[in-house]
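What follows is one structure encoded as structure tokens, with my remarks underneath.
The values are calculated or read from the model by the stated rules, or taken from the named source; none is laboratory data. Because the structure is predicted, anything quoted here is derived from the model rather than measured. Don't worry about glycine lacking a Cβ; one is built from the backbone with ideal geometry, like all the others, and counts go over all protein chains shown.
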Amino acid sequence: MIETLPTPPAASDLAVSAEALAGFAALRAEIAGQSQIVWAEHCSECAYPKCYEACAFYTPRSDLHCRRFEGGIEPVADDALRLHRIRFRKWGKLEGRGATAIETRARARAREAGDARIAGAIAAFPAPFAVKRKLAAQWNVRKRERAATPGAANAQAFVVECWSPDGRDHPFTLTMLNIGENVGRLFQTRFEAGPDYRRLTVPIRDIAAHIDLAAPFLVQIEPIGEAAGRDVVFGLCDFVAFKTAPAPPRAAPSSDDADSRPVKVVVWDLDETIWNGVLAEDGVAGVRLRPEAVAAIKALDERGVLQSIASKNDPAEALAALAQFGLAEFFLHPQVNWNPKSQSIADVAAALDLGVDSFVFVDDQPFERAEVAARHPGVRLLADSEVPAMLRRDWFDLPVTPESRQRRGLYQAEAARASAFQSTGDDYLSFLRDSNVRATVRRLDGADAERVYELSQRTNQLNFRGAKYGRDEVRAMLAPDPDRLRLTVRCADRFGDYGLIGFVSVDLAAGEITDLFMSCRVQRKRVEQAVFAWIGEAVRARRHAELRVRHRPTDRNGAARAMLKDLGFAPAGDGEEPVWRRDLALSFRDSDIVELITDIADVAIEGAAR
């Protein structure tokens, strides 16, 4: 509910996207009831009343109060969902008095409709402005008193839903802080509004652990950093009770075996998931590892599935517990903090340079799974009760290979590389030369067939045609063909061995790369320049003046197109699978940074092998 003004803001004619409208509507269908916080525009630097005289940013509304938002809290025109648009000015923030009392959705809608009628009557009342301002103030006091019933037990969570019409991501903090006798107690978390519908869901227990919900408290939504220019549409920003456990705001991938996309990362909760008990309450001596979780962690590690942690706990205590249990080494970039689990997953994805749609999240709490699903619909979800049987899912039908057993170590070595680079300053090429990067090119053989199959199934970004080979297709490539090169690419440097990271199929007769997929772990390390330079010499030996590449665009392989452009290729024609061309008279820039090693002796490549 919005604060009543003697002159209400004009309705915005903004067109909300259909996808966002579907998300907003979905939440209304999921909740049984909501609180009715009365929201108003406030200033993060306010020093009322002197600010009206001294502040250079004071811009009065018609009621002479400061305008913290460009058009106030603007209702979206002709909108049954009661959405509101806010275009922030400097220091603008939303604030309301805490209200946890839950009313049914029908009762809440009736109150909203009644409030709209009274606000309209006050605005239209033929009386002096001072009178209308007094009436509005009295009505706001009544609304806040009615809404701010403390300590309701049936509130399950606090939700904020939002969408950015300007197409940008906007970070915010949600803050709740006690006032009066309990001043100093505070709950705070971070969320982002963005170009897709997003929803923050905070379980009531997480808030109650930090502030006294039975005592008066404020709720604030404030931009992080510079507020001016942010354009956001907000839906519900209230405590809610769900009809059932909170569900994702839109259709998310199901948790059954019909979704067989290979998994690259599993992110685990700790309390009541990896171990039974709550670390903060029971201490490390009071929690007990779940044997089925430990078995799954070790099996996933063997299959090359990376793993991390998203836990709301004290970082030092949780990491010490993992070390004591002998599990710390299995987890990359663990996120132990009080942030939303969706943010922790985003941080893990950024650290690993992987998309979240290859993630699985395991947590015992429906609220946490729903909060992650709201922001990351592509993340697959598992409850703690599903851990014993999780490895039987098609998601985890991955071969155990020497490379899969090494994958965690490869990412740990990559973290060491990143740390070493940060210590050298900004000269990336000098850092690469000092890293002694080596690429080894060999013909595909039977020993590598399973790894090539695995790589084709896993690789999306640097997959030139989006190819997903079956095992039989890979084995068929082992047959000799004088006009074809089926090559594997391995990579190593002074920090460690990446293993087999790429596959290339070259039609020498046509002077064309017909397929290429490569792990993104070696992207930007100039391995592609060295490999393409070597292939270019092989094609020149067949009297071709240009190198051609087959590229089928998918919704995932934009990185492949960027690589082709960076290597000097240009598309020639359109269609489902356009050809990209490059003049071989031009050298491949920086190809000498990586040492290329090959044992292929039956292809005339002058000066390529060292």
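Restricting to segment 305-350, give me the number of residues that are aromatic (Phe, Trp, Tyr), in a loop (DSSP other than H, G, I, E, B) and farther than 17 Å from ARG369 by Cα.
Of all residues in segment 305-350, those aromatic (Phe, Trp, Tyr) come to 325, 330-331, 338.
Going one step further and asking which of them are in a loop (DSSP other than H, G, I, E, B), we end up with 325, 331, 338.
With the extra rule that they be farther than 17 Å from ARG369 by Cα, the set shrinks to 325, 331.
Adding up the residues that qualify gives 2.
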Restricting attention to segment 93-123, which residues are crowded, with 16+ Cβ neighbours inside 10 Å, of a type in the set (Val, Ile, Thr) and not in a helix (DSSP H, G or I)? THR100, ILE102
The lone exception for GLU537 - which of (1) closer than 17 Å to VAL489 by Cβ; (2) in contact with a Phe, Trp or Tyr (Cβ under 9 Å, 6 or more places away or on another chain); (3) among the charged types (D, E, K, R); (4) in a helix (DSSP H, G or I) it fails: (2)
Can you report the number of residues in segment 267-293 which are crowded, with 17+ Cβ neighbours inside 10 Å and not in a loop (DSSP other than H, G, I, E, B)? 6
Looking only at segment 544-567, count every residue that is in contact (Cβ under 8 Å) with a residue 40 or more places away in the chain, basic (Lys, Arg) and buried (at least 16 other Cβ atoms within 10 Å of the Cβ) and tell me the total. 2
Just checking, how many residues over segment 16-40 are touching a residue at least 12 places away in the same chain (Cβ under 8 Å), over 18 Å from ALA241 (Cα atoms) and among the small types (Gly, Ala, Ser)? 4
Could you run through segment 360-388 and say how many residues are of a type outside the set (Val, Ile, Thr), in a helix (DSSP H, G or I) and either farther than 14 Å from ALA310 by Cα or touching a residue at least 60 places away in the same chain (Cβ under 8 Å) (or both)? 12
For segment 581-599, name all the residues that are assigned to a strand (DSSP E or B) and among the charged types (D, E, K, R). ARG581, ARG582, ASP583, GLU595
Might you check whether a residue that is under 29 Å from ALA492 (Cβ atoms) and out of contact with any helix residue (DSSP H, G or I) (no Cβ under 9 Å at 6 or more places or on another chain) occurs anywhere in segment 349-357? yes
Restricting to segment 425-474, what's the tally of residues that are more than 16 Å from ASP555 (Cα to Cα), among the hydroxyl-bearing types (Ser, Thr, Tyr) and not in a helix (DSSP H, G or I)? 2
Here the qualifying pairs (Cβ atoms under 9 Å; residues six or more apart or on different chains; first in segment 136-154 and part of a helix (DSSP H, G or I); second at pLDDT below 65 and of a type outside the set (S, T, N, Q)) come out as ALA136/ASP63
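Would it be correct to say that CYS51 is over 23 Å from ASP231 (Cα atoms), modelled with pLDDT under 75 and not small (Gly, Ala, Ser)?
On the way: over 23 Å from ASP231 (Cα atoms): yes; modelled with pLDDT under 75: yes; not small (Gly, Ala, Ser): yes.
Yes.
Is at least one residue of segment 526-536 under 20 Å from ASP445 (Cα atoms) and without any contact (Cβ under 8 Å) to a residue 40 or more places away in the chain? Spell out how you get there, then give the answer.
Step one: filter segment 526-536 for residues under 20 Å from ASP445 (Cα atoms), giving 531, 534-535.
From what is left, the residues that are without any contact (Cβ under 8 Å) to a residue 40 or more places away in the chain are none.
No - not one qualifying residue is present in segment 526-536.
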What pairs can you find where one residue is in segment 209-227 and free of Cβ contacts under 8 Å to residues at least 24 places away in the same chain and of a type outside the set (Ser, Thr, Tyr), the other is in a strand (DSSP E or B) and surrounded by 20 or more Cβ atoms within 10 Å (Cβ to Cβ), and their Cβ atoms are less than 8 Å apart, with a gap of 6+ or different chains? ALA209/PHE187
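May I ask you to say which residue of ALA121, ALA80 is small (Gly, Ala, Ser), modelled with pLDDT of 80 or more and more than 16 Å from GLN36 (Cβ to Cβ)? Break it down into steps so the answer makes sense when it comes.
Numbers: ALA80 fails: modelled with pLDDT of 80 or more.
From the options ALA121, ALA80, the qualifying one is ALA121.
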